[in-house]
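The structure appears below as structure tokens.
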Amino acid sequence: IDDVDLGFTWRNAADSINDFEFRGKMLLARTRAFALSAEAGLGFGLGPEDRNSLNARVRGLVSVMMSERAAVTLRAGLNFYSDSPAAVPEGEPQGERRNGVQLQPGVAIESRIGKFWNLHLLFEAEPFTDGREILEDGDGVFDIVKNEGYRGVVGFSLLF
């Protein structure tokens, strides 16, 4: 569909949770140098010891085009989530879900590296929350960096 991108994302937070998200982005306006888009996503996460999550996102994007091969995008969005961060022992009542909303500003740098591939670098923050408890429950070495209120991501996109 013209002006609509559909996508799927898999995010792995080391030993805490694997997130899967289906998303759509609609181009609202574009000139040779700038673009304005809106994005929405719906996803879920699964982890060890019955950890699970549900997510819904909405985001606005403003891009500055460097050429047909590169762009810098300012992003601002809301992430609505419902997490179950730990297993509940058998015979006890269902554990309490943690529900919340996060404001997530960020910036992405994207570059075409091949005919069908893009490389993107993303920096995103969570300035008004203490993070999500589901990211603190792991026992691995990466726990020191998963829930600090910011994240950096390197990713690849297959274009077809």
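What follows draws every value from the coordinates through simple rules; no lab data is involved. Values in this document were obtained by computation on a predicted structure and should not be read as measured data.
Each residue of the stretch 105-112 in turn: what ³J(HN,Hα) in whole Hz from Karplus with 6.51, -1.76, 1.60 and θ = phi - 60°, glycine and Pro shown as x?
Result, rounded to whole Hz: x, x, 9, 10, 10, 10, 9, 6.
Can you run phi through the Karplus equation (6.51, -1.76, 1.60; θ = phi - 60°) for the stretch 57-72 and list ³J(HN,Hα) in whole Hz, with x for Gly and Pro?
10, 9, 8, x, 9, 10, 10, 10, 8, 7, 5, 6, 10, 8, 8, 10
From largest to smallest, what semi-axes in whole angstrom does the chain give when each is the square root of 5 times an eigenvalue of its alpha carbon gyration tensor?
Gyration-tensor ellipsoid for the chain: 32, 16, 15 Å.
In the Gaussian network model of the chain, springs joining C-alpha atoms below 10 Å, which of Leu42, Leu135, Leu119 carries the largest mean-square fluctuation?
Its mean-square fluctuation being the largest, the pick is Leu119.
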